[in-house]
């Protein structure tokens, strides 16, 4: 085989690979289905990717109403939360302490390590954030709303 034929075969292989490349997965916000967990009436959640019961990466979109709180709880996995709008107040520890909460503004990320008790507050108005982690996961409530 000469160089010309080799180059032609390479170009055909690349063209067929490009034609088989998967299209990007796009999840549009208006297609999300939000639900309210029974224990947290101020919260609405929607899985963007994955599922809490399945192994692998997941992403959850969360809406916390103005003044809403998520009581002290833990998760078995580390969670990475990006605030999309509003300011989310986050506190760590086994008890709620409004004086020691950290303001996380829109565009910022906070990390909740696995099994570390934390609580949330939408003190200044509605907050929308997106959480990501690796499942299977869940939420263990340590306090009641």
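Read-outs throughout are calculated quantities, based only on the coordinates presented, and are distinct from any laboratory measurement. As the structure is a prediction and not an experimental result, all values here were calculated from the model. In this analysis, Cβ positions are derived from the backbone assuming ideal geometry, glycine residues included, and neighbour counts consider all displayed protein chains.
Measuring nothing but alpha carbons in the chain and taking Rh as the Kirkwood radius, the Rg to Rh ratio lands at 1.24. Taking square-rooted eigenvalues a ≥ b ≥ c of the alpha carbon gyration tensor, is segment 59-145 rounded, prolate or oblate, where a/c under 1.5 means rounded and, failing that, a/b exceeding b/c means prolate? Oblate, because a/c is 1.5 or more while a/b does not exceed b/c. Peptide packing for 75-84, 90-99, 20-29 was compared via the average number of neighbouring C-beta atoms within 10 Å per residue; ordered from the highest value, the list is 75-84, 90-99, 20-29.
For the chain, adding -39500 (n - 2.57) for each run of n ≥ 4 DSSP H residues and dividing by the number of residues yields -4000 deg cm²/dmol at 222 nm.
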